[in-house]
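For reference, the structure discussed in these notes is given below.
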Amino acid sequence: MSWRSVPRALVLLALVALLGGCADAFTIGHGGHGLDTNAGPQPGPDCEPGSGQNHAGHRMDGSEFGGSNLRCSVFNHSELTGTDFGDADLSKASFRETKLAEPDFGGAKLVDVDFEGAELTGPSFAGADLAGADLRQAKITDADWTGATCPDGTTAKTSCDGHLEPAGSQ
């Protein structure tokens with residue numbers, strides 16, 4: 001087997017292992033290439049937050065996670081630009097203190113996601129389910145909320161403003 005036949009995701013993971021997990025040494029997903037997030041065992045619906053894939057501290061430009069199972073994954077302290085999470089299952093994932101520029105969460109399942117201290121610029125939440133998501137301390141600008149289920153369980157026509165606290169958290 002030639003090294004050229006090895007999937008790029010495996011090459012990136014090998015680099016991470018060789019570099020001791022140093023996230024500053026490279027950019028994941030540069031040029032629109034994503035990681036194979038559906039390889040290996042998948043977290044079930046009852047997974048514990050933080051028990052999924054660990055992408056903490058990474059910089060990702062143009063990564064494609066659309067339709068992926070990212071339940072309970074961790075993206076804390078990362079910088080994500082133009083990342084596609086459309087139709088992905090991110091239930092119980094964590095984006096604490098993460099900077100997200102133009103992320104596409106359209107149609108994604110964001111149930112009980114933790115965005116504490118995150119900065120989201122131009123996110124699309126169109127048709128996404130954010131029931132129970134913690135957005136209270138997140139800084140969100142220019143969001144598209146069309147048809148999204150807000151954290152308090154209401155459905156947005158155009159905005160989730162005033163509906164960002166999960167039901168029962170008051």
Any idea which of (1) in contact (Cβ under 8 Å) with a residue 40 or more places away in the chain; (2) farther than 17 Å from L135 by Cβ is the one S91 doesn't satisfy? (2)
In region 72-91, how many are open to solvent by less than 50 Å² (accessible area, probe 1.4 Å) and either of a type in the set (F, W, Y) or not in a strand (DSSP E or B) (or both)? 12
Sort through A128, A143 and tell me the only one that's within 18 Å of A93 (Cα to Cα) and crowded, with 20+ Cβ neighbours inside 10 Å. A128
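Considering region 43-66 alone, what residues qualify as being assigned to a loop (DSSP other than H, G, I, E, B), open to solvent by less than 50 Å² (accessible area, probe 1.4 Å) and either free of Cβ contacts under 8 Å to residues at least 40 places away in the same chain or closer than 18 Å to G127 by Cα (or both)?
Restricting attention to region 43-66, the residues satisfying the condition of being assigned to a loop (DSSP other than H, G, I, E, B) are 43-53, 55-58, 62-63, 65-66.
Retained after the next criterion (residues that are open to solvent by less than 50 Å² (accessible area, probe 1.4 Å)): 43-44, 47, 50, 52, 55-58, 62-63, 65-66.
P43, G44, H55, A56, G57, H58, G62, S63, F65, G66 - these are the residues of region 43-66 that are assigned to a loop (DSSP other than H, G, I, E, B), open to solvent by less than 50 Å² (accessible area, probe 1.4 Å) and either free of Cβ contacts under 8 Å to residues at least 40 places away in the same chain or closer than 18 Å to G127 by Cα (or both).
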Being buried (at least 21 other Cβ atoms within 10 Å of the Cβ) and part of a strand (DSSP E or B) is the filter here; which residues of region 115-125 pass it? L120, S124
Only one of these conditions is not met by P151: (1) more than 19 Å from M60 (Cβ to Cβ); (2) open to solvent by 10 Å² or more (accessible area, probe 1.4 Å). Which number is it? (2)
Can you find a residue that is closer than 27 Å to S159 by Cβ, open to solvent by less than 30 Å² (accessible area, probe 1.4 Å) and either out of contact with any Ser or Thr (no Cβ under 8 Å at 6 or more places or on another chain) or of a type in the set (S, T, Y) (or both) anywhere in region 99-107? no
Examine region 140-153 for a residue that is in a loop (DSSP other than H, G, I, E, B), aliphatic (A, V, I, L, M) and within 21 Å of S51 (Cβ to Cβ), and state whether such a residue exists. no
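For every residue, the table says whether it meets (1) modelled with pLDDT under 95; (2) over 16 Å from P103 (Cβ atoms); (3) more than 17 Å from the chain's Cα centre (by Cα).
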| position | (1), (2), (3) |
| --- | --- |
| A128 | no, no, no |
| A133 | no, no, no |
| A143 | no, no, no |
| K157 | yes, yes, yes |
| C160 | yes, no, yes |
| Q170 | yes, yes, yes |
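The values are calculated or read from the model by the stated rules, or taken from the named source; none is laboratory data. Keep in mind the model is a prediction, meaning the values are calculated, not measured. Note that each Cβ is placed from the backbone with ideal geometry, even for glycine, and that neighbours are counted across all protein chains shown. Heavy atoms of the whole protein, side chains included, go into the accessibility calculation; ligands, DNA and RNA do not. Shrake-Rupley method; radii C 1.70, N 1.55, O 1.52, S 1.80 Å.
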